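Heads up: the structure comes next, in structure tokens.
The values are calculated or read from the model by the stated rules, or taken from the named source; none is laboratory data. Here the structure is a predicted model, which is why all the values come from computation and not from measurement. Cβ coordinates were reconstructed from backbone atoms using ideal geometry, including for glycine residues, and neighbour counts include every protein chain displayed. These accessible areas exclude ligands, DNA and RNA; they are computed on the full protein's heavy atoms, side chains included. Shrake-Rupley method; radii C 1.70, N 1.55, O 1.52, S 1.80 Å.
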Amino acid sequence: MRKQIAAANWKMNCTYQQAESLLADVLNNQVSLKKNQQVIFAVPYPYLIMANSEVAEEENYFVAAQNCYTRKSGAYTGEVSAEMLQSIGIRHCVIGHSERREYFNEDNNMLAEKVNICLEYEITPIFCCGESLAIRDAGTQNDHVEIQLKESLSHLSEVDIQRVVIAYEPIWAIGTGKTASTAQAQEMHAHLRAVLTKKYGSLVSDNISILYGGSVKAGNAAELFSCPDVDGGLVGGASLIAADFISIIKGLK
Ligand code: PGA
């Protein structure tokens, strides 16, 4: 059975002290997760070790990095490698968030390299895809995300693709308060799963979690997550408010 995941994407927010208390507030609530449910906190690099030790005792709670570099090590000032993340016990990493694509020029080929290096170091990539408003208005969103998947993931083996989590995040819904309707989310998630089925077969594609991201809130999470192909969410703004993120966790199937 594929995993249902509530992933918090804190982005570049919180001081260390705020990060500690936000984590404590979510963890103290002791939402007990079903076997197939996971909660992942994608926190800024300086807080990874602290956050990982906070979740260490909690079953099915994990910490993710928000990015990593394509290379193992070397003269890349300011970058962080998958090997470093592995060495501090991190097992998840967001890859290809639209903000990385837009502000840091990350393209599909580079993201394929990032996915590869994560898998090499036993880190689950949470691979983000999604279209801009212009693409949605032109009606070519399905082709757009299909190309993102093909160029960054389709080289993976049947085994490795099942080690990836996919997050569909329409850019027009990120941080805008505009959420995709359940119909729009389900349609795109079904399309993504169909693309995976075409290449890998349904036994494999049924096993891959596809999260929705873009203005997921306490009030809409359960409805979005109830769609058959929506396996949880990648949550930005609402993950910074403990009570809201707790409700979102409770909305998982
Ligand atoms: P949002 O961000 O929930 O604030 O829209 C989601 C994301 O960018 O991952």
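Of the residues in the range 184-208, how many are open to solvent by 10 Å² or more (accessible area, probe 1.4 Å) and within 16 Å of the ligand (Cβ to nearest atom)?
Qualifying residue count for the region: 1.
When residues of the range 74-97 are filtered for being outside any loop (DSSP other than H, G, I, E, B) and crowded, with 20+ Cβ neighbours inside 10 Å, how many remain? First the steps, then the outcome.
Of the range 74-97, the ones outside any loop (DSSP other than H, G, I, E, B) are 82-87, 92-95.
With crowded, with 20+ Cβ neighbours inside 10 Å added as a condition, the list becomes 82, 85, 92-95.
Adding up the residues that qualify gives 6.
Any residue that is within 16 Å of the ligand (Cβ to nearest atom) and either touching a Phe, Trp or Tyr at 6+ places or on another chain (Cβ under 6 Å) or open to solvent by less than 10 Å² (accessible area, probe 1.4 Å) (or both) - is there at least one of those in the range 19-33?
Checking the range 19-33: at least one residue is within 16 Å of the ligand (Cβ to nearest atom) and either touching a Phe, Trp or Tyr at 6+ places or on another chain (Cβ under 6 Å) or open to solvent by less than 10 Å² (accessible area, probe 1.4 Å) (or both).
Kindly indicate whether any position in the range 209-228 is of a type outside the set (V, I, T), open to solvent by 30 Å² or more (accessible area, probe 1.4 Å), modelled with pLDDT under 95 and within 14 Å of the ligand (Cβ to nearest atom).
There is no residue in the range 209-228 that is of a type outside the set (V, I, T), open to solvent by 30 Å² or more (accessible area, probe 1.4 Å), modelled with pLDDT under 95 and within 14 Å of the ligand (Cβ to nearest atom).
Give the residues of the range 98-107 that are open to solvent by 40 Å² or more (accessible area, probe 1.4 Å) and part of a loop (DSSP other than H, G, I, E, B), sorted by residue number.
Result: F104, N105, D107.
Within the range 71-112, which residues are of a type in the set (S, T, Y) and within 29 Å of L133 (Cβ to Cβ)?
Of everything in the range 71-112, those that are of a type in the set (S, T, Y) and within 29 Å of L133 (Cβ to Cβ) turn out to be S98, Y103.
Do you know which of the residues in the range 158-179 that are within 13 Å of the ligand (Cβ to nearest atom) and without any contact (Cβ under 8 Å) to a residue 40 or more places away in the chain is farthest from S132 (Cα to Cα)?
G177
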